[in-house]
Amino acid sequence: MFKSFRSTDKNCVVLIGMPGSGKTTMGRLLCSRINYAWVDTDDLLQAWWGMPLQGILDHLGLDAFLNAEEELVRSINLRRTIISTGGSVVYRHLGMKHLADLGPVIYLKASVQTIYGRINNADSRGLVRHNGCSLEQLFDERRVLYEKYADFGLDTDRMTVQQSAETIRKWLKK
């Protein structure tokens, strides 16, 4: 299902998945395991706009938010960095193409039940979704895109964060 990838020291590692799938937590842990830097594109977007994600989304609207996210992602020019992305990054093909050019894309999978358990502020968190779209609908819509762009997928429901990081580290060494 997933593409093969040959890692080099100059590659980044890109983490994609639903909000609550563990991208930020995994990025922080994984960077120390493989001696890479770490950035979170949501943090970069908030710093760029000077406001929280929900404020950016309210200010710009859905399409302009996605365009701003893509512009930011396409401006990233890093090496040896773990890049934790916003869950909506997969809506823009050119942004995902750029990320894939930087290094392998790893999809952190989590069930919708796990995501509900990890996200307690869905309405104020800055979830990029159409009005009236439930978390289940968003999950189903994005899952196809995450699988499309991923080089490797990891089920974060079935392992601890440490086990997941070790699995990714071993996959990168192959």
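The values are calculated or read from the model by the stated rules, or taken from the named source; none is laboratory data. Just so you know, these numbers come straight off a predicted model, no measurement behind them. Methodologically, a virtual Cβ is constructed for each residue, glycine included, from the backbone with ideal geometry; neighbour enumeration extends over all protein chains shown.
Considering region 91-108, the residues that are of a type in the set (Gly, Ala, Ser) and in a helix (DSSP H, G or I) include one that is nearest to PHE152 (Cα to Cα), namely ALA100.
To keep it simple, each residue is scored yes or no on (1) at pLDDT below 95; (2) closer than 26 Å to THR160 by Cβ; (3) not in a loop (DSSP other than H, G, I, E, B).
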| position | (1), (2), (3) |
| --- | --- |
| ASP9 | yes, no, no |
| ARG33 | yes, yes, yes |
| VAL39 | no, yes, yes |
| GLU70 | no, no, yes |
| ARG79 | yes, no, no |
| VAL89 | no, yes, yes |
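Answer yes or no as to whether SER21 is under 29 Å from GLU166 (Cα atoms), at pLDDT 95 or above and touching a Ser or Thr at 6+ places or on another chain (Cβ under 7 Å). For SER21, the condition - under 29 Å from GLU166 (Cα atoms), at pLDDT 95 or above and touching a Ser or Thr at 6+ places or on another chain (Cβ under 7 Å) - is not met.
Being more than 19 Å from GLY86 (Cβ to Cβ), modelled with pLDDT of 80 or more and of a type outside the set (S, T, N, Q), is that true of even one residue in region 138-146?
Of all residues in region 138-146, those more than 19 Å from GLY86 (Cβ to Cβ) come to none.
Within region 138-146 (the criterion being more than 19 Å from GLY86 (Cβ to Cβ), modelled with pLDDT of 80 or more and of a type outside the set (S, T, N, Q)), the answer is no, since none of the residues qualifies.
Here's the yes/no breakdown for (1) out of contact with any His (no Cβ under 6 Å at 6 or more places or on another chain); (2) in contact (Cβ under 8 Å) with a residue 24 or more places away in the chain; (3) of a type in the set (Gly, Ala, Ser); (4) crowded, with 22+ Cβ neighbours inside 10 Å:
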residue	(1), (2), (3), (4)
GLY17	yes, yes, yes, yes
ALA37	yes, yes, yes, no
ALA68	yes, no, yes, no
ARG79	yes, yes, no, no
GLY86	yes, yes, yes, yes
HIS98	yes, yes, no, no
GLY103	yes, yes, yes, yes
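Here THR114 clears all of (1) at pLDDT 95 or above; (2) of a type in the set (Val, Ile, Thr); (3) part of a helix (DSSP H, G or I) except the condition numbered (1). Say whether the condition of being at pLDDT below 95, part of a loop (DSSP other than H, G, I, E, B), in contact with a Gly (Cβ under 9 Å, 6 or more places away or on another chain) and hydrophobic (A, V, I, L, M, F, W, C) is met by at least one residue in region 53-63. The answer is no; no qualifying residue exists.
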